[in-house]
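Where a number appears in this text, it was derived from the coordinates with a stated rule and is not lab data. Since the model is a prediction, treat every value here as computed from it, not as a measurement. Reconstructed Cβ throughout: ideal geometry from the backbone, glycine too, with neighbour counts over all protein chains shown.
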Amino acid sequence: MSSIPVIAIDGPSASGKGTVAQLVAQRLGYHYLDSGALYRIVALAGKQASIAWNDEAALAAMAAGLKIRFENGEILLDGQIVSEAVRSEDMSRGASEVAVHPGVRRALLDLQHDFRQAPGLVADGRDMGSVVFPDAQAKVFLTASAAVRAERRYKQLIGKGNHANLAQILADIESRDARDMQRSAAPLRQCEDAILLDTSELTIDQAVETVLQHASKTIPA
Ligand code: CDP
Ligand code: CDP
């Protein structure tokens, strides 16, 4: 067990995990792990290599050898920037399809553990507190109503000049939530030792302050 502190932030799509986790990491000077990006990269690399998203053995073998780097806010796969490519709606669905396979999840474990470096780590995803960092010093289950989350995703897409359909986004979020919660390998759930933080009515700053306050109780300054 490592004594390097980890703050694990898990929750459903568009609950604000990434935004809140990055701000908490900045405030504490910690490293940041966007674990969802790894599943998105597996989906993208699978597509590029013509491996079907239901082919567990081939995906797991490929995932173990992927050369992934996070640098200056960009995601690199084999030296190529894929930050935008992995954020597409197609890759959101693909990530949740490849993420059901235990072999794929196992292949990504060491890579995630390597992010635990001094002075600490803030990690966001679906199983940070339950599987990847079960000994995390602070665990948060971040959520918001599906309607609020769909609205947030809609505004994000429109803000980037994309076409977006609110009803379609809500349907996609609900089907991804269902797949993430119902799978047998590392399903999305609130850990017993995680605090529940519903951000439906909270600003980003309020959510960040709540996480920092919780972490300050369990992580020595
Ligand atoms: O990482 P995750 O999919 O959980 O969500 P995100 O990408 O961090 O957040 C989705 C959007 O919701 C972003 O545009 C955030 O700025 C916004 N947000 C918000 O409006 N209020 C919050 N309390 C948290 C996030
Ligand atoms: O940003 P958003 O919350 O929409 O998605 P993400 O965090 O990038 O994750 C994309 C997909 O990867 C999720 O729907 C999950 O199926 C999967 N995932 C996972 O299984 N375990 C994680 N720790 C992170 C993501």
Worksheet item: log10 I(q)/I(0), Debye, Cα-only the chain, no solvent, q = 0.08, 0.09, 0.13 Å⁻¹?
Response: -0.26, -0.34, -0.73
Worksheet, complete the sentence: With -39,500 (n - 2.57) per DSSP H segment of 4 or more residues and division by the full residue count of the chain, the 222 nm estimate, nearest 500 deg cm²/dmol, is -14000 deg cm²/dmol
Fill in: Computed magnitude of the charge dipole of the chain (debye, nearest 20; Cβ of K, R +1, Cβ of D, E -1)
120
Fill in: In the stretch 90-173, the trypsin sites (Lys or Arg not before Pro) that fall in loop regions by DSSP, at most 12 other Cβ within 10 Å
Lys160
Item to complete: Calculate the translational D of the stretch 129-188 in whole µm² s⁻¹ from Stokes-Einstein, where the hydrodynamic radius comes from the Kirkwood formula applied to all Cα pairs, the temperature is 4 °C and the viscosity 1.567 mPa s.
Response: 96
Response to the item:
Here FRET efficiency (C-beta to C-beta, Gln80 to Leu166, R₀ 30 Å, nearest 0.05) is 0.35
Discussion item. Show me, for the stretch 27-40, the HN-Hα J-couplings you get by feeding each phi into the Karplus relation (A = 6.51, B = -1.76, C = 1.60, θ = phi - 60°), rounded to Hz, glycine and proline as x.
Written reply: 4, 8, x, 8, 6, 9, 10, 9, 5, x, 4, 5, 5, 5
Worksheet item: If you take all C-alpha pairs in the stretch 1-45, what percent of them are over 14 Å apart?
Response: 57
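Take the cross-link list Lys17/Lys139; Lys67/Lys160; Lys47/Lys67; Lys17/Lys155 and give me the ones stretching past 18 Å between alpha-carbons.
Cα-Cα > 18 Å for Lys67/Lys160; rest within.
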Response to the item:
With 0.36 nm assigned to each residue of separation and the Cα-Cα distance removed, Ser88 to Met181 gains 31.3 nm
